[in-house]
Amino acid sequence: MAKRYELKDDGNGLWSVIDRFTGMPARWEGVLQTGLQLYAADDLNELLNLLDERRRAKGKPERDQLL
């Protein structure tokens, strides 16, 4: 199963979590996940991919909070 989220170097020492399916920054509880320290972006990337993998395995629809 393809991972939905990936890290993107913002070029200024900060990172974003990107939705590979849309090409847009990921959202968590309505907040764009951009301008993050690497450790926070990496942890969030892993969490979002895990949640997405579980959601897809159960055949559940997407929720707006995670987009």
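Numbers for the structure displayed
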{"read-out": "L47 being in a helix (DSSP H, G or I) and either buried (at least 18 other Cβ atoms within 10 Å of the Cβ) or at pLDDT 95 or above (or both)", "value": "yes"}
{"read-out": "Meets criteria (modelled with pLDDT of 95 or more and surrounded by 14 or more Cβ atoms within 10 Å (Cβ to Cβ)) for Q37", "value": "no"}
{"read-out": "Extreme residue, modelled with the lowest pLDDT, among residues of the stretch 50-67 that are closer than 15 Å to K3 by Cβ and surrounded by 13 or more Cβ atoms within 10 Å (Cβ to Cβ)", "value": "L66"}
{"read-out": "The stretch 1-44 - residue that is assigned to a helix (DSSP H, G or I) and of a type in the set (A, V, I, L, M) and, of those, nearest to A57 (Cα to Cα)", "value": "L44"}
{"read-out": "Single unsatisfied condition, D42 versus (1) of a type in the set (D, E); (2) modelled with pLDDT of 95 or more; (3) over 11 Å from the mean Cα position of the chain (by Cα)", "value": "(3)"}
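The values are calculated or read from the model by the stated rules, or taken from the named source; none is laboratory data. This structure is a prediction, so every number in the text was calculated from the model and none was measured. Cβ: placed from backbone, ideal geometry, glycine included. Neighbour counts: every protein chain shown.
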